[in-house]
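Structure first, then comments.
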Amino acid sequence: MGLTALVLGSAAGGGFPQWNCGCRLCELARTGDGRARPAMQASVAVRGDPGGWLLVGASPDLRQQIQDNPQLHPRLEGRDSPIASVVLIGADIDAIAGLLVLRERQKLRLYAPRPILDLLAANCVFDVLDPALVQRIAIAPLQPTPCGGGMTLTLLPMPGKVPLYLEDRAATQPEPGPTYAALVQASGRSIIVAPACADITEAVRSQLRQADVLFFDGTLFDDDEMIAAGVGQKTGRRMGHVPIGGPDGSLARLADLPGRRIYLHINNTNPILLAGSPERLQVEAARFEVAYDGMEIRL
């Protein structure tokens, strides 16, 4: 028995290259520069051995992600999928829109905290997930929950903000909202997927320390990165993402964690997307890794 993690998408919302961005990094990815590998929007599949796959996050790119990864293809004739369940750890569009891809009458379990399930229930478009087949299971934070394949799922509360479509556009500070990391355990091994974290508190550090493999928020290298690039008006923290660099950034604050540390949910402006960049070399020198689509890890 063990755990396998498969990165279905490693980029932040909009993917890489982003459809409406002509920045240097996106243009390098579009033109096939080998230093800038294209990436879909963030999602990680986890499986016990043996067992069905648990999707952490439902990316808008989910259909193509399934197509690109034979491990997720049907195994039998007719309706079939090795995807057994989905856990929602945030309610932003790039974390839930992929649910609409899973509407073709497939039996699934959908795990989420009650506030996120309430958001789905309030929007009738998600009723395309047939309730006779898709079981919606509310799970409480910090409450271990069996999720099939010998795995146990626990939601870890993270400092975060409400989804963009619910926030006050005039607000200058993040509005607290339901954001979580997913801790998946099996056979004494553990994987944490935490694509959004606004602040690395001591409580956060304590929770992340238990991971053998940690996929962590790599959205921006610098807090004002999108402002400096001329493509946004908000800092990373205002968007609910702690930066990688700086004295309070994740590179410094997570340096002493014992497990394998991998950046995920990387924005198209982040220079760590470019192999050989000073920022990428700094990350690698600190023994952090940069996730890529198709990355597979077995424990």
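Here are a few things to note about the model shown:
- q = 0.10, 0.11, 0.15 Å⁻¹, the chain: log10 I(q)/I(0) [Debye, one scatterer per Cα]: -0.50, -0.61, -1.19
- Length-normalised contact order for the chain - Cα pairs under 8 Å, 6+ apart - percent: 20
- Potential lengthening between LYS107 and VAL125 on full extension [0.36 nm per residue; Cα-Cα distance subtracted]: 4.7 nm
- Residue order, fewest to most beta carbons within 10 Å, for LEU119, LEU264, LEU55, LEU100: LEU100, LEU119, LEU55, LEU264
- If you run the Gaussian network model on the chain, springs between alpha carbon atoms under 10 Å, then out of ILE244, ILE66, ILE89 the most flexible one is ILE66.
- Ordered by the number of other Cβ atoms lying within 10 Å of each residue's own Cβ, fewest first, LEU153, LEU28, LEU281 fall into the sequence LEU281, LEU28, LEU153.
- Amide H partners (placed H, <5 Å) of TYR292, local residues excluded: none
Bear in mind these aren't lab numbers, they're just calculated from the coordinates by the rules spelled out. The structure displayed is predicted, hence computed values, not measured ones. Positions of Cβ are generated from backbone atoms using ideal geometry, with glycine treated the same way; all protein chains shown enter the neighbour counts.
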